[in-house]
Structures are given as structure tokens and as C-alpha cells.
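In what follows, a single structure is set out as C-alpha cells and then discussed.
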Amino acid sequence: MQYTDLEQQRKYVVEKLQEQPDPEHLWECILAFQGYEFRTISGLPFTYQLKKGKNGNLTKELWIDRRKNSKSLA
């Protein structure tokens with residue numbers, strides 16, 4: 001199976017998180033999986049993005065996109 005660069009990166013960060021479960025590796029996974037299509041328990045698709053602040057840096061706020069009205073998790 002051929003992986004794209006993004007798929008390889010995601011696989012790598014998940015393996016690192018499994019080896020060393022700490023906040024730094026969890027954050028790397030959160031960053032790597034932005035835009036990835038997950039499924040809710042009922043099978044509905046959703047993605048997430050991290051919000052950027054006024055200074056352009058990422059905040060700790062996740063925008064969950066499942067339909068037209070996205071939801072924010074801070």
C-alpha cells in the first residue's frame with residue numbers, strides 16, 4: 001500500500017503517541033488530523049480545524065464541522 005506524505009505523517013505521529021503518551025505527542029496528533037474525515041458513533045462524517053488567533057498562531061479552540069453550522073470546542 002502506498003501512503004501519501006500526509007498519511008505517512010499521521011501514521012508516524014500516532015505511533016509516537018502510542019510509544020510516549022504525553023501532551024506534546026497528543027498535540028502533534030491533533031495538528032496532523034485537522035481536516036481528516038472522522039465518523040460519529042451513528043456514522044455521520046465530521047472534520048475539525050484549529051482556530052487561528054489575531055496574531056496568526058493556533059489557539060486551543062477546535063471547530064467541528066459536521067453541517068452548515070459548525071460548533072466550537074474551546
Number of Lys-Lys pairs in the chain under 29 Å by Cα, sequence gap 8 or more or different chains? 17
Förster-model FRET efficiency, 22 Å R0, L50 and E24, C-beta, rounded to 0.05: 0.90
Within the chain, which is the longest segment that contains none of the trypsin sites (Lys or Arg not before Pro) sitting in a DSSP loop with at most 13 other Cβ atoms within 10 Å? 1-53
Which is the longest stretch in the chain that no exposed loop site breaks, taking sites as chymotrypsin sites (Phe, Trp or Tyr not before Pro) with a DSSP loop state and at most 15 other Cβ atoms within 10 Å? 37-74
For a label point 7 angstrom out from the Cα of Q8 toward its Cβ, which stretches of the stretch 16-30 have the backbone nitrogen within less than 19 Å? 16-17, 29
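Taking all pairs of different Cα atoms in the chain, averaging 1/r and flipping that mean, what Kirkwood radius in angstroms comes out? Provide the component values of the computation, followed by the final result.
Values: mean 1/r = 0.0729 Å⁻¹.
Taking every pair of different Cα atoms in the chain, averaging 1/r and inverting gives 13.7 Å.
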Any idea what the dipole of the stretch 1-55 comes to, in debye rounded to 20, about its Cα centre with Lys/Arg Cβ at +1 and Asp/Glu Cβ at -1? 360 debye
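Throughout, read-outs are computed from the coordinates displayed, never taken from laboratory work. A quick note: this is a predicted structure, and the numbers were derived from the prediction, not measured. Neighbour counts are summed over all protein chains in view; Cβ atoms, including those assigned to glycine, are modelled from backbone coordinates with ideal geometry.
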